[in-house]
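The next block holds one structure in the form of structure tokens; read it before the comments.
The values are calculated or read from the model by the stated rules, or taken from the named source; none is laboratory data. It should be emphasised that the depicted structure is a prediction, and the values quoted were computed from it without experimental measurement. In this analysis, Cβ positions are derived from the backbone assuming ideal geometry, glycine residues included, and neighbour counts consider all displayed protein chains. Accessible surface is based on the protein model in full, side chains and every heavy atom, while ligands, DNA and RNA are left aside. Shrake-Rupley method; radii C 1.70, N 1.55, O 1.52, S 1.80 Å.
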Amino acid sequence: RWEEEKKEDGVKWTQLEHRGPYFAPLYEPLPEDVRFYYDGKPLKLSLATEEIATFYAKMLDHEYTTKEIFQNNFFHDWRKEMTSEEQEIIQDLAKCDFSEIHKYFVDKSEARKALPKEEKQKLKEEADKIQEEYGYCILDGHREKIGNFKTEPPGLFRGRGDHPKMGMLKKRIMPEDVVINCSKDSKIPEPPEGHKWKEVRFDNTVTWLASWTENIQNTLKYIMLNPSSKLKGEKDWQKYEVARRLKDVVHEIRARYRADWKSKEMKNRQRAVALYFIDKLALRAGNEKEEGETADTVGCCSLRVEHIRLHPRLDGREHVVEFDFLGKDSIRYYNKVSVEKQVFKNLELFMKNKDPSDDLFDRLSTTFLNKHLQHLMDGLTAKVFRTYNASITLQEQLKALTNPEDSVAGKLLSYNRANRAVAVLCNHQRSVPKTFAKSMETLQAKIDAKKKQVEEAQQELKKAEEELEDTKDAKAEANVEKKKKLLKRLEEQLARLNVQATDKEENKQIALGTSKLNYLDPRISVAWCKKFGVPIEKIYNKTQREKFAWATAMANEDFEF
């Protein structure tokens, strides 16, 4: 299936038929007895204003609503949607009381959780029916699953990190916003009654089924095939094959950029230092910004003088560069790295007579860098370096950390540690989960209880052995064996819990998922599982196993990236 006949260049399909997106349900007004209060008095809101108020109310117990930037953006966008009468009255967010609305949604959520089994089953059947109708398409005669067939419901933009647009209003997507893509001879999807599509296209050089522009960042959103589909699988496989090709030429590329650190042309020196950072630190290239983009995020090529500090000596290391900037999704990148002497000298040169807000690499653009990468190897981009370095790091770490004698739990701890090394390299952070302290407490309680059981079992065994000393009969001997087995089982359980606690603590601020799904060749993990007898479901959940079906089919235990 993965190697069916190839199509001519650029053509992705010959037949594509689907039902179009499933639109978020319309707003249901609040019951009469659930009220919004302004300055202590109940105030009946118009429907549009009330709907936006519910978005904020649902998030009251979230950290976002405590952030000033979130509050300001929300209040600004909310006021734009109010009637003139409401604008007259509602002038201060601090005087708004959403608590009744918040309670209403909390209760509603609790009630849904407490539904009897039959009711839950009924809801599941309804969801399955929608999935059956909208969640599949016909692509070149195959029935393929669609990834995200529902449009995003309206709400408040959250963003990652400290995004400057957090709290802004995400508008409802209407059929009039949506471009449909299908084949000419297929049954074109019907828009909801009373509406029409923005446009219907027949473009077989792209793999998306529908698209629209979202209003916060003005970016295009797509409905795509599910990751487990043949087209997506092929694309994934090709991505890792390009990264594996880099393995054969990476030594030449490194020798080339090292030589360029002494180039007579400043442009080439800057390019060589930037490439060293992209290779050694897995930095993103940093694309040119669209006008009006407010988040001050940068990548390697767009670093400014203020983003780095040079230390000839620091913490016992020489030639240390201290990075501090906001990367993709406004996630802070902070790192102190010891670099080679020539790189350090070049950075001193690049920073000479410049203001903090000047570009560090003032002669370098992403376009110039990418052209050079393309020249070094067909298909090479900064992202290929990230993928290559992430995958090779996982493979090397797994070799170094895995002990074949360990239990499955011990091997999994080694796997997560290897994955963590990659997440650190790629700067995949997360904030400590809200439930972390609570779940750690629960786990610690389990460990303490298990320790107690182990101690009791040790005493029981000692007693049984003394009894055997005295009586020397078969019954006492059987009892000793029984107690030994129990103790062994309890010690294994305790060891598993301790491993779990270590893993949890080490993972609390690191997001393992991003690298696992996007930067690590899944064949490395599949081969590792096969080699060390670890069930694949311990590494990948059901959805991930479907996404990486191609890897499971291809890799044996000897696979080398």
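Observations on the model:
- Magnitude of the charge dipole, region 192-348, Cβ model with Lys/Arg +1 and Asp/Glu -1, debye to 20: 700 debye
- P(r), alpha carbons of region 390-554 - 10 Å bins starting at zero, rounded %: 9, 28, 28, 18, 11, 6, 1
- Residues in region 477-506 reached by a label modelled at E467 [backbone nitrogen below 20 Å; 7 Å Cα→Cβ]: 477-490
- Approximate shape of region 1-107 as ellipsoid semi-axes (Cα gyration tensor, √5λ), whole Å, largest first: 44, 16, 15
- Relative contact order of the chain, pairs being alpha-carbon contacts under 8 Å that are 6 or more residues apart, as %: 12 percent
- Region 237-380 - Rg (one decimal) and Dmax (whole number), Cα, Å: 15.4, 47
- When E460, E234 are compared by accessible area at a 1.4 angstrom probe, the order from most to least is E460, E234.
- Derived scalar couplings between HN and Hα for region 190-206 equal 7, x, x, 3, x, 10, 9, 6, 5, 6, 10, 10, 10, 10, 8, 9, 10 Hz in order, rounded to whole Hz, by the Karplus curve 6.51 cos²θ - 1.76 cosθ + 1.60 (θ = phi - 60°), x for Gly and Pro.
- Principal axis dimensions, largest first and in whole angstrom, of the chain by Cα: 94, 76, 57
- Residue-averaged 222 nm ellipticity for the chain, from DSSP H runs of 4+ at -39500 (n - 2.57), nearest 500: -16000 deg cm²/dmol
- Accessible carbon and sulfur surface of the chain relative to its total accessible area, %, 1.4 Å: 49 percent
- Difference of contour (0.36 nm per residue) and Cα-Cα distance, S357 to S84: 94.0 nm
- Protection proxy ranking of 39-47, 144-152, 94-102, 382-390, by the mean of other Cβ atoms within 10 Å over each peptide's residues and highest first, is 382-390, 144-152, 94-102, 39-47.
- For the chain, share of DSSP beta bridges that run antiparallel, in % to the nearest 5: 90 percent
- Cross-linked pairs K411/K446; K150/K538; K95/K508; K129/K221: Cα-Cα separations exceed 28 Å for K150/K538; K95/K508.
- Using Cβ point charges alone (K and R +1, D and E -1), the dipole size of region 504-561 about the Cα centre works out to roughly 240 debye.
- In Hz, Karplus ³J(HN,Hα) per residue of region 449-456 (6.51, -1.76, 1.60; θ = phi - 60°; x = Gly, Pro): 5, 5, 4, 4, 4, 4, 4, 4
- Taking 7 Å steps out from each Cα toward its Cβ at Q500 and Y222 produces label points 4.1 nm apart.
- The chain, accessible area per residue, ligands and nucleic acids excluded (1.4 Å, Å²): 56 Å²
- Cα-based shape type of region 352-451, given that a ≥ b ≥ c are square roots of the gyration tensor eigenvalues and the cut on a/c is 1.5: oblate
- Part-to-part distance (alpha-carbon centres) for region 308-336 and region 214-288, which is given in Å: 21 Å
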